[in-house]
Amino acid sequence: MAVEHGSERFGAPVTVALTGASGAQYGLRLIEALVAAEREVWVMISKAAHLVIATETDGDLPARPERLAEALTERAGAAPGQIRCFGREDWMAPVASGSGASSAMVICPCSTGTLSAVACGASNNLIERAADVALKERRQLILVPRETPLSAIHLEHMLNLTRLGAVVMPAAPGFYHRPASVEDLIDFIVARILNQLGIEHRLMPRWGE
Ligand SMILES: Cc1cc2nc3c(=O)[nH]c(=O)nc-3n(C[C@H](O)[C@H](O)[C@H](O)COP(=O)(O)O)c2cc1C
């Protein structure tokens, strides 16, 4: 099945980056939810995130982008070509330039290291560069940090990024929906991200529904 990027079939691609904070399941579930919502998904996974995935889930994922795309396609039940993956220094990837077609970027989970690099515009790897591009192009950038407690450095970076127009959504699930499983807690955060992206979902009802 052919996939045209930004086609009516899949809409504009959403970029998802997993970095080395705890909570890899949030990012993996987000990819699944975007696939289910028939969005094209562009994925980057940092070296530390691979380590976290191996630690926190039942299986590790291949590092090479082509093999990673195959593995994620199978895992998320995506159509061929619906998920594309890019490597750490793939500077020719569409996310590396403002002319690339990604509509929004989510860093989930976001390590404090990547939070800091994005706040400073470091652009030392493709994840950091893609976030820098999202900021300069005034595109939607969502960061989902997970750390506790937070230092003044972390808080200052979050404040600066929020002032720049990014949305900082700490991975802090609520309990008012009476979660019965870890999956419920994961879906709480993923549902909030999808709400921010304006993507319909059935992961959990909105407040008041
Ligand atoms: C199992 C594991 C759990 C970690 N948990 C966190 C965390 O919750 N938050 C965080 O900011 N860093 C955490 N780290 C540390 C980051 O992975 C580390 O700072 C790394 O350099 C981040 O690199 P990246 O931003 O390129 O992914 C963890 C590391 C490992 C191996």
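Throughout, read-outs are computed from the coordinates displayed, never taken from laboratory work. Since the model is a prediction, treat every value here as computed from it, not as a measurement. All Cβ positions, glycine included, derive from the backbone under ideal geometry; neighbour counts span all protein chains shown.
Once you order the gyration tensor axes a ≥ b ≥ c over the Cα atoms, which shape class does the range 98-209 get: rounded for a/c under 1.5, otherwise prolate or oblate by comparing a/b with b/c? Let's see the in-between values first.
Details: a/c = 2.34, a/b = 1.47, b/c = 1.59.
The shape class here is oblate.
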Subject >> Positive minus negative residues near H154 (Lys, Arg vs Asp, Glu; Cβ under 14 Å) >> reply: -1
Original post:
Tell me, what is the percent relative contact order of the chain, built from C-alpha pairs under 8 Å that lie six or more residues apart?
Top reply: 21
Subject >> Packing rank of 147-158, 41-52, 91-102, where each peptide gets the mean count of other beta carbons within 10 Å, highest leading >> reply: 41-52, 91-102, 147-158
**OP:** Measure off 7 Å from each Cα along the Cα-to-Cβ vector at E70 and D184, then give the distance between these two points in nanometres to one decimal.
**Re:** 3.9
Original post:
Which whole-angstrom value gives the distance between the alpha carbon centres of the range 142-176 and the range 52-89?
Top reply: 26
**OP:** Extending each Cα 7 Å along its Cβ direction at N124 and R9, get the distance between those two points in nm, one decimal.
**Re:** 4.0
Original post:
Taking the simple approach of a point 7 Å from Cα along Cα-to-Cβ for both A36 and Y176, what is their distance in nm?
Top reply: 2.3
Original post:
What does the highest-first list of 201-209, 62-70 look like by mean Cβ count within 10 Å?
Top reply: 62-70, 201-209
Subject >> Mean Cβ count within 10 Å, highest first, over the residues of peptides 11-23, 125-137, 159-171 >> reply: 11-23, 125-137, 159-171
**OP:** Starting from one equal scatterer on each C-alpha and no solvent at all, send me the Debye-based log10 I(q)/I(0) for the chain at q = 0.10 Å⁻¹, two decimals.
**Re:** -0.38
